[in-house]
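Each remark here refers to the structure printed beneath this line.
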Amino acid sequence: MQSATVVIDHPLVQHKLTVLRDRETSTSKFRGVLRELSLLLAYEVTRDLPLTSRRIETPLEPMDAPVLEGKKLCFVSVLRAGNGLLEGMLDLVPTARVGHVGMYRDPETLEPVEYYFKVPASLDERIVIVVDPMLATGHSAAGAVDRLKQAGARDIRFLALLAAPEGLRAFHSRHPDVPVYTAAVDRELNEKAYILPGLGDAGDRMFGTK
Ligand code: URA
């Protein structure tokens, strides 16, 4: 299957992303704007959800009206920064199920190590949207998707606020069947695997840690 990166270049998305990138943006503003942005991103990542129709009666006459087909959505947050995207997405799709995957990078091997995994049942029947604001090296993203596939997920999309070209290449080579949706593909990674120009550490920016 074809690897795809979809850049969400809507002007509102780009404007809000600039607010997040700005080092002067406070933690509370960062959180608020991230929530707004996640709504817009969720709108784009769900744009092609399959529809069916339902017979209803408007006050004037009957009609066959579009409704979402039965396939249920599952959002999976890659901890901890994924949670910052989750809330706005749940505002848009409150009926979605939610899973969590915890990964950290082993300082020796630089490989992702899983420390938490909890997902809803019947993943094979769901459209799974994995969320992590920063797709940097792509290792934890690919590791999270490996685990979701082992747990039965078949129809997966990945949503990141920002991505690095190196991370996208690594991710697509491991998971060519999983499209990545992102608001921007930045220039490169630095020697500490931070995205340049980026927005810093997304978790620290949203939770006020460091
Ligand atoms: N994770 C972050 O939070 N920021 C980066 O730039 C890269 C990974």
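The values are calculated or read from the model by the stated rules, or taken from the named source; none is laboratory data. Keep in mind it's a predicted model, so treat the numbers as computed, not measured. Counting neighbours? That spans all protein chains shown, and the Cβs are built from the backbone with ideal geometry, glycine included. Calculation scope for accessible area: heavy atoms of the full protein, side chains included, ligands and nucleic acids excluded. Shrake-Rupley method; radii C 1.70, N 1.55, O 1.52, S 1.80 Å.
Sort out for me the strands (runs of 3 or more DSSP E) sitting completely within the stretch 1-99 that have 3 or more residues that are without any contact (Cβ under 8 Å) to a residue 60 or more places away in the chain and either more than 30 Å from T209 (Cα to Cα) or under 14 Å from the mean Cα position of the chain (by Cα) (or both).
Passing ranges, in order: 51-57, 62-68, 72-79.
Within the stretch 171-210, count every residue that is open to solvent by less than 40 Å² (accessible area, probe 1.4 Å), near the ligand (Cβ under 8 Å from one of its atoms) and of a type in the set (D, E).
Selection size over the stretch 171-210: 1.
Give the residue that is surrounded by the most Cβ atoms within 10 Å (Cβ to Cβ), with candidates limited to residues of the stretch 1-45 that are over 27 Å from L73 (Cα atoms) and among the hydroxyl-bearing types (S, T, Y).
Of everything passing the filter in the stretch 1-45, T25 is surrounded by the most Cβ atoms within 10 Å (Cβ to Cβ).
Give the stretch 113-148 a look and list any residue that's in a loop (DSSP other than H, G, I, E, B) and away from the ligand (no atom under 16 Å from the Cβ), or say none.
Of everything in the stretch 113-148, those that are in a loop (DSSP other than H, G, I, E, B) and away from the ligand (no atom under 16 Å from the Cβ) turn out to be V119, P120, A121, S122.
When P66 is evaluated against the numbered criteria (1) closer than 20 Å to L161 by Cβ; (2) loosely packed, with under 12 Cβ neighbours inside 10 Å, which criterion, by number, is the only one it fails?
(1)
Just checking, does the stretch 73-86 include any residue being open to solvent by 20 Å² or more (accessible area, probe 1.4 Å) and over 24 Å from H139 (Cα atoms)?
No, that holds for no residue.
Do we find that P107 is over 28 Å from L196 (Cβ atoms), open to solvent by 20 Å² or more (accessible area, probe 1.4 Å) and free of Cβ contacts under 8 Å to residues at least 12 places away in the same chain in this structure?
no
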